[in-house]
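Visitor: Before we start, here is the structure in question, set down as structure tokens.
The values are calculated or read from the model by the stated rules, or taken from the named source; none is laboratory data. Keep in mind it's a predicted model, so treat the numbers as computed, not measured. Ideal geometry is used to build each Cβ from the backbone, glycine not excepted, and the neighbour counts take in all protein chains shown.
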Amino acid sequence: MNEALQKIKARMQQSQSRQKGYDDVRRKDLEFETGVKVFLKVAPMKDPSHVVDYEPLLFNDNLSYEEKPIEILVKEVKALRHRKIAFVKVLWQNHQSREATWKREDEMKAQYPELFQG
């Protein structure tokens with residue numbers, strides 16, 4: 001695992017170095033005297049959606065992590081020919097509401113009874 005991480009770090013360093021080389025070709029060092037007025041080209045920030053607000057994940061030794069449900073968003077009952085099955089839409093930790101998943105209510109109650117209290 002350490003060997004794989006070292007390879008990843010080395011490739012990232014190579015990529016960063018390559019990008020720096022591309023930028024340095026176009027970059028000009030400018031120096032101005034104190035008191036000289038200059039014009040700056042400024043672009044307003046329109047779309048800060050590229051900024052991701054995240055909470056660090058706690059990984060297990062094998063680099064996996066446990067998904068934990070936060071709350072039940074919706075409950076629905078699907079009617080089949082001879083029986084009805086209850087489903088719940090579950091919001092998971094470290095995920096947004098659009099990434100919520102449908103699970104069988106009986107399975108979720110068995111695995112996470114604390115979600116159904118209150």
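Visitor: Looking at the stretch 1-8, is at least one residue assigned to a loop (DSSP other than H, G, I, E, B), closer than 27 Å to Gln93 by Cβ and modelled with pLDDT under 85?
Guide: Just the residues of the stretch 1-8 that are assigned to a loop (DSSP other than H, G, I, E, B), to begin with: 1.
From what's left, closer than 27 Å to Gln93 by Cβ: 1.
Then keep just the ones that are modelled with pLDDT under 85; that gives 1.
Yes: one or more hits.
Visitor: Residues Ser49, Ser64: which one is loosely packed, with under 10 Cβ neighbours inside 10 Å, over 30 Å from Met1 (Cα atoms), modelled with pLDDT under 90 and among the hydroxyl-bearing types (Ser, Thr, Tyr)?
Guide: Answer to the check: Ser49.
Visitor: Determine the pairs where a residue that is among the aliphatic types (A, V, I, L, M) and part of a loop (DSSP other than H, G, I, E, B), located within the stretch 56-79, has a partner that is surrounded by 10 or more Cβ atoms within 10 Å (Cβ to Cβ) and modelled with pLDDT under 95 with Cβ atoms under 9 Å apart, the partner being 6 or more residues away or on another chain.
Guide: If the second residue must be surrounded by 10 or more Cβ atoms within 10 Å (Cβ to Cβ) and modelled with pLDDT under 95, the pairs left are Leu57/Tyr65; Leu57/Asn94; Leu58/Tyr65.
Visitor: Check whether at least one residue in the stretch 70-86 is basic (Lys, Arg) and under 27 Å from Leu5 (Cβ atoms), and report yes or no.
Guide: Step one: list which residues in the stretch 70-86 are basic (Lys, Arg), which gives 75, 78, 81, 83-84.
Keeping just the survivors that are under 27 Å from Leu5 (Cβ atoms) gives none.
Checked against the condition, which is being basic (Lys, Arg) and under 27 Å from Leu5 (Cβ atoms), the stretch 70-86 yields no hits at all.
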